[in-house]
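The values are calculated or read from the model by the stated rules, or taken from the named source; none is laboratory data. These figures come from a predicted structure and were not determined experimentally. Cβ atoms come from the backbone with ideal geometry, glycine included; neighbour counts cover every protein chain shown. Remember, those area values only see protein heavy atoms, side chains included, never the ligands or the DNA or RNA. Shrake-Rupley method; radii C 1.70, N 1.55, O 1.52, S 1.80 Å.
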Amino acid sequence: WTFEDLGATNGSFVGGRRVRGSTELRPGDRIQLGPDVVFRFSITDESEAELQQKLFDSSTRDGLTQLYNRRYFDERLVAEIAYARRHATPLCLIMMDVDRFKAINDSLGHLVGDSVLRAVADEVVRVVRTEDVVARYGGEELVVLARATGHDAGARLAERIRAAIADLDVTPPPPASEVKVTISLGVAALDEVPKGAPDSALLDLADERLYAAKEAGRNRIVTGKEAT
C-alpha cells in the first residue's frame, strides 16, 4: 500500500514527514492532509471491519427503530446548516409525532407500541430519499433533515409521509390485531430562520408547527403557510 501526493498545495504528511511523491504505508501510520485532516492507516480483515461497523452503528443508531439517534442528528443538524449557509443552498426540517401514541401503549401494551414505532420508522425511510437524514428524536417523535430542499418541496415531502403512514396497517405481535396509525408533522425551512439565529432555531420552528398540527386535530401538516 502506498500514499502519493499529487501536488497538494496545503501539504500531506505520513508519520509526521512531508510527502513529496509517494511513500510506502505501514499499519498504524498517521496520514495528515493539510492542517486539520488526519487519518490512521490500518489493514483489517472482514470480521474486524464488521466489528468496527457494529460499534459505529451502536453509537449512532437508535436500538428500537434503527434510525439515527438524537446525538447523531444534533451533530448533523449543525453540519448541514453550516453547509447550506456556506453554499447558499436550501435546507428543510420535518418534525413528526405519532398521534395518540400514549393511548396505544396504555391500551395495547408496550410491545404493540414498539411495533408501531418500528413500522412508522420503516415507512418514513421508504418514502424519503437516501441522502435525507431520518432520526428518532425522542419517544414517538421522528425528524427528517432534507438537504437541498426548500419550503414548498419539504411540505410536499411531509404530505407524502403523512399519507403513507395513514395508509399503513401495523401488524403487532399476537394476540393484538392490526393497528391504524396517523402522524402530525411540522415543516420549517432554513430561509425562514433569521440570519445569526442559533442552529436550534430551525428545530424550534418545526416543533412549534408540529404542536400546531396536533392542536388543529392531528393527522395533518403545518407549514407556516397552510394546514392540510
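In the stretch 168-196, the residue that is nearest to ILE81 (Cα to Cα) out of those that are part of a loop (DSSP other than H, G, I, E, B) and open to solvent by less than 70 Å² (accessible area, probe 1.4 Å) is VAL193.
Only one entry in THR65, THR44 is touching a strand residue (DSSP E or B) at 6+ places or on another chain (Cβ under 6 Å) and assigned to a loop (DSSP other than H, G, I, E, B), namely THR65. As a summary of the residue check, ALA206 satisfies the conditions (1) open to solvent by 70 Å² or more (accessible area, probe 1.4 Å); (2) under 28 Å from ARG118 (Cβ atoms); (3) assigned to a helix (DSSP H, G or I) except for the one numbered (1).
Considering the stretch 9-36, the residues that are open to solvent by 40 Å² or more (accessible area, probe 1.4 Å) and among the charged types (D, E, K, R) include one that is modelled with the lowest pLDDT, namely ASP36. Go through the stretch 80-107 residue by residue and tally those that are open to solvent by less than 40 Å² (accessible area, probe 1.4 Å) and at pLDDT below 95. Residues that pass the stated criteria total 2. So, of the residues in the stretch 111-140 that are β-branched (Val, Ile, Thr) and farther than 19 Å from LEU203 by Cβ, which turns out to be surrounded by the fewest Cβ atoms within 10 Å (Cβ to Cβ)? Once the filter is applied, the top-ranked residue is THR130.
Going by what's in this entry, would SER58 be described as open to solvent by 50 Å² or more (accessible area, probe 1.4 Å) and without any contact (Cβ under 8 Å) to a residue 40 or more places away in the chain?
Values: open to solvent by 50 Å² or more (accessible area, probe 1.4 Å): yes; without any contact (Cβ under 8 Å) to a residue 40 or more places away in the chain: yes.
Criteria met by SER58.
Looking across THR65, THR149, THR89, one residue alone is farther than 27 Å from ASN219 by Cβ, of a type in the set (Val, Ile, Thr) and in contact (Cβ under 8 Å) with a residue 24 or more places away in the chain. It is THR89.
Screening LEU6, LEU51, LEU77 for residues that are open to solvent by less than 50 Å² (accessible area, probe 1.4 Å) and not in a strand (DSSP E or B) leaves exactly one candidate, LEU77. In the set (1) touching a strand residue (DSSP E or B) at 6+ places or on another chain (Cβ under 8 Å); (2) surrounded by fewer than 13 Cβ atoms within 10 Å (Cβ to Cβ); (3) part of a helix (DSSP H, G or I), the condition left unmet by PHE39 is number (3). If you go through the stretch 110-119 one residue at a time, do you hit one that is farther than 21 Å from ILE221 by Cβ, part of a helix (DSSP H, G or I) and touching a Ser or Thr at 6+ places or on another chain (Cβ under 7 Å)? Yes, some residue in the stretch 110-119 is farther than 21 Å from ILE221 by Cβ, part of a helix (DSSP H, G or I) and touching a Ser or Thr at 6+ places or on another chain (Cβ under 7 Å).
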